[in-house]
Structure formats: C-alpha cells, structure tokens
C-alpha cells in the first residue's frame with residue numbers, strides 16, 4: 001500500500017498509535033518498498049521450532065493487518081489538505097470499518 005509523501009507523516013503517526021497497545025509484534029512502513037508490514041518475532045532453539053507457535057504468529061500477523069488496512073485506506077483516501085483535520089486517535093477508535101474477530105460473533 002504505497003503512500004504519497006503528503007500522507008506519509010499521518011500514516012506513520014497512525015502506525016505509531018496502533019503499535020502502542022500491542023504486546024506482540026508491531027506495524028512498520030518499509031519506505032524503500034512502499035509496503036506496510038506487521039513484524040512479529042520469536043527465538044527458537046537452533047533448528048527446532050514449534051509449529052503451533054509459528055501458526056499463531058502467522059494468524060496474529062494476518063489479523064493485525066486485516067485490522068489496520070481499513071484505517072490506512074481511509075487516511076490514504078483523505079485529501080492532503082484535509083489531513084490536518086483528521087483525528088488519527090479517534091479514527092483508530094472506529095470499529096465499524098474493521099472486520100469482526102472470528103469467534104467474537106454473538107450466537108443467537
């Protein structure tokens with residue numbers, strides 16, 4: 001998701017604010033490739049790994065990117081001259097633009 005120079009400061013603020021409450025992993029914007037990424041790491045013993053942990057890490061990365069991309073899309077579609085009026089802290093509070101977390105749906 002490439003961002004123009006005018007949107008970059010606001011996008012970096014959005015990622016910094018989104019990272020603040022996270023305990024595992026974090027969002028980054030690769031300036032060289034123009035790519036939004038979620039990085040999560042773990043240390044494993046040499047040539048030994050736990051497939052459940054790796055599966056959980058992949059699931060976490062996908063879920064976090066699913067959560068942040070709609071916010072970045074709103075920011076990206078905002079005209080540059082209106083970016084100073086965009087309250088990023090309040091934008092991140094919106095839940096109407098993010099997909100539901102699997103298993104959180106109420107059963108009726």
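Using C-alpha pairs under 8 Å with a sequence gap of at least 6, the mean separation divided by the residue count of the chain gives a relative contact order of 30 percent. Simple spin-label estimate for residue 13 and residue 54 gives 4.1 nm between the two label positions (7 Å along the Cα-to-Cβ direction from each Cα).
Only DSSP H runs of four or more residues enter the estimate; each adds -39500 (n - 2.57), and after division by the residues of the chain the mean residue ellipticity at 222 nm equals -13000 deg cm²/dmol. Expressed as a whole percent, the proportion of Cα-Cα pairs in segment 1-51 lying more than 18 Å apart is 44%.
Helix 51-77 and the long axis of the chain differ in direction by around 0°, with both axes built from C-alpha atoms. In angstrom, the C-alpha Rg and Dmax of segment 8-89 are 15.4, 52.
In this simple spin-label model, placing a label point 7 Å from the Cα along the Cα-to-Cβ direction at both residue 37 and residue 69 gives a separation of 1.7 nm.
Every number here is computed from the coordinates shown, using simple stated rules; none is lab data. Quantities reported herein were computed from a predicted structural model and do not represent experimental measurements. No Cβ is skipped: glycine too gets one built from the backbone with ideal geometry, and neighbour counts run over all protein chains shown.
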